[in-house]
Amino acid sequence: MRLKKHYGQHLLLSTGVVKKILEVAELEDGDIVVEIGPGTGSLTKEILKTSIKELHCIEIDPEMINELRKLEDERLIIHHADASEFDYCQLGEQIKLLGNLPYNVTSLIIERTVFCNHCIKLAVFMVQKEVAEKLIKGSSWLGCFLKTFFQIHYVMTVPPRFFLPPPKVQSAVIKLIKNQEKTQIDLKKYKTFLTTLFSFKRKILRNKFPEDMLKKASIDPSKRAEELSLEEIQRLFWESA
Ligand code: SAH
């Protein structure tokens, strides 16, 4: 089969990395697992060796789906769909989300993960190393959006030679663990607020928000967006709402 660049198809060859992904996903009896972009199934096959209850695979490429159908297992449910638009919460209440993500839609998939956070227990994703570091640093709207609901842990760096074909960049496995406390936030409003906050992020806050709003949130108006802690960002959001 010819691999398609526009679908970000880089198959994971390393059994060691597949093992590590499964280990950090802590798969247990009864788990409902969702795999994004299963491709030819290197991760899928290993997931099916565990005692999980169901595995839902979300794959966009019909050719890959034909490959996957060869894995005969009644716990495997294949969805021909776009993972960046998928409603994960239709599949269960405490799902585990795994995947070696297609890098061209990583941000959209992370955004979907946040919008579906109430039904996601944990996620283990392979992403570009640079994306992983940026999310952990929390200096982007998406990093803050994600960190409001999940703790992000850096699991390991994965070099290009572990994939077929090798991507141009280093990759990394990250683990997202859902925060225990429930955060009641209007996600659409919060996203709009964060994207505004981080647009022109070198601008000092006084030039973006009314000074009394910043004062009420106890935030130094001469700071820039990227200098704020997540707590400060949330205080400002509540003041602005
Ligand atoms: N998990 C496999 C393949 C990873 S490559 C492995 O590790 O070997 C990324 C996979 O995501 C490919 O199978 C590609 O077809 C699929 N994909 C790309 N864009 C997608 C999208 N928007 N929704 C669902 N799957 C997608």
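Of the residues that make up the range 6-15, is at least one open to solvent by 20 Å² or more (accessible area, probe 1.4 Å), modelled with pLDDT of 95 or more and more than 11 Å from the ligand (Cβ to nearest atom)?
yes
Quick check on the range 168-196: of everything there that is closer than 30 Å to VAL17 by Cβ and open to solvent by less than 20 Å² (accessible area, probe 1.4 Å), which residue is farthest from the chain's Cα centre (by Cα)?
Ranking the qualifying residues of the range 168-196, first place goes to SER171.
Of (1) within 23 Å of ILE136 (Cβ to Cβ); (2) loosely packed, with under 15 Cβ neighbours inside 10 Å; (3) within 13 Å of the ligand (Cβ to nearest atom), GLU85 satisfies all except one. Which?
(1)
Residue-by-condition table, conditions (1) in contact with a Lys or Arg (Cβ under 9 Å, 6 or more places away or on another chain); (2) among the hydroxyl-bearing types (Ser, Thr, Tyr):
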position	(1), (2)
CYS116	no, no
LEU122	yes, no
ALA132	no, no
SER139	yes, yes
GLY143	yes, no
THR148	no, yes
GLN151	yes, no
MET156	yes, no
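Among (1) surrounded by fewer than 19 Cβ atoms within 10 Å (Cβ to Cβ); (2) modelled with pLDDT of 95 or more; (3) more than 8 Å from the ligand (Cβ to nearest atom), there is one condition ILE95 misses while meeting the rest; what is its number?
For ILE95, the exception is condition (1).
If we scan the range 203-223, do we find a residue that is under 24 Å from the mean Cα position of the chain (by Cα), of a type outside the set (Phe, Trp, Tyr) and open to solvent by 40 Å² or more (accessible area, probe 1.4 Å)? Let's see the steps before the verdict.
The first filter runs over the range 203-223 and keeps only residues under 24 Å from the mean Cα position of the chain (by Cα), leaving none.
The answer is no, given that none of the residues of the range 203-223 is under 24 Å from the mean Cα position of the chain (by Cα), of a type outside the set (Phe, Trp, Tyr) and open to solvent by 40 Å² or more (accessible area, probe 1.4 Å).
Of the residues ARG112, ARG161, which is within 16 Å of the ligand (Cβ to nearest atom), basic (Lys, Arg) and crowded, with 16+ Cβ neighbours inside 10 Å?
Values: ARG161 fails: crowded, with 16+ Cβ neighbours inside 10 Å.
The match here is ARG112.
For the range 27-37, state whether one or more residues are assigned by TED's automatic domain parsing to the domain that holds ILE95, near the ligand (Cβ under 9 Å from one of its atoms), of a type in the set (A, V, I, L, M, F, W, C) and not in a helix (DSSP H, G or I).
First, pick out the residues of the range 27-37 that are assigned by TED's automatic domain parsing to the domain that holds ILE95: 27-37.
This time we only want the ones that are near the ligand (Cβ under 9 Å from one of its atoms), so: 35-37.
Within this subset, residues satisfying the condition of being of a type in the set (A, V, I, L, M, F, W, C) are 36.
Within this subset, residues satisfying the condition of being not in a helix (DSSP H, G or I) are 36.
Yes, the conditions are met somewhere in the range 27-37.
Quick check on this structure: which one of PRO62, PRO38 is open to solvent by 30 Å² or more (accessible area, probe 1.4 Å) and either at pLDDT 95 or above or touching a strand residue (DSSP E or B) at 6+ places or on another chain (Cβ under 6 Å) (or both)?
Working: PRO38 fails: open to solvent by 30 Å² or more (accessible area, probe 1.4 Å).
Being open to solvent by 30 Å² or more (accessible area, probe 1.4 Å) and either at pLDDT 95 or above or touching a strand residue (DSSP E or B) at 6+ places or on another chain (Cβ under 6 Å) (or both) holds for just one of PRO62, PRO38, which is PRO62.
Only residues that are hydroxyl-bearing (Ser, Thr, Tyr) and in a strand (DSSP E or B): list them for the range 163-192, please.
SER171
Taking the condition of being within 16 Å of the ligand (Cβ to nearest atom), open to solvent by 10 Å² or more (accessible area, probe 1.4 Å) and in contact with a Phe, Trp or Tyr (Cβ under 7 Å, 6 or more places away or on another chain), how many residues in the range 115-129 meet it?
1
Any residue at all in the range 66-77 that is of a type in the set (Val, Ile, Thr), open to solvent by less than 50 Å² (accessible area, probe 1.4 Å) and in contact with a strand residue (DSSP E or B) (Cβ under 9 Å, 6 or more places away or on another chain)? Steps first, answer last, please.
Narrowing the range 66-77 to residues of a type in the set (Val, Ile, Thr): 77.
With the extra rule that they be open to solvent by less than 50 Å² (accessible area, probe 1.4 Å), the set shrinks to none.
No, the range 66-77 contains no residue that is of a type in the set (Val, Ile, Thr), open to solvent by less than 50 Å² (accessible area, probe 1.4 Å) and in contact with a strand residue (DSSP E or B) (Cβ under 9 Å, 6 or more places away or on another chain).
In the range 1-58, what residues are of a type in the set (Gly, Ala, Ser) and either in contact with a helix residue (DSSP H, G or I) (Cβ under 6 Å, 6 or more places away or on another chain) or at negative phi (or both)?
Residues satisfying the conditions are GLY8, SER14, GLY16, ALA25, GLY39, GLY41, SER42, SER51.
The values are calculated or read from the model by the stated rules, or taken from the named source; none is laboratory data. Everything numeric here is computed off the predicted structure, so don't read it as measured data. Please note: Cβ atoms are built from the backbone with ideal geometry, for glycine as well, and neighbour counts cover all protein chains shown. Each accessible area value is taken on the protein alone, full model and side chains, heavy atoms only, with ligands, DNA and RNA left out. Shrake-Rupley method; radii C 1.70, N 1.55, O 1.52, S 1.80 Å.
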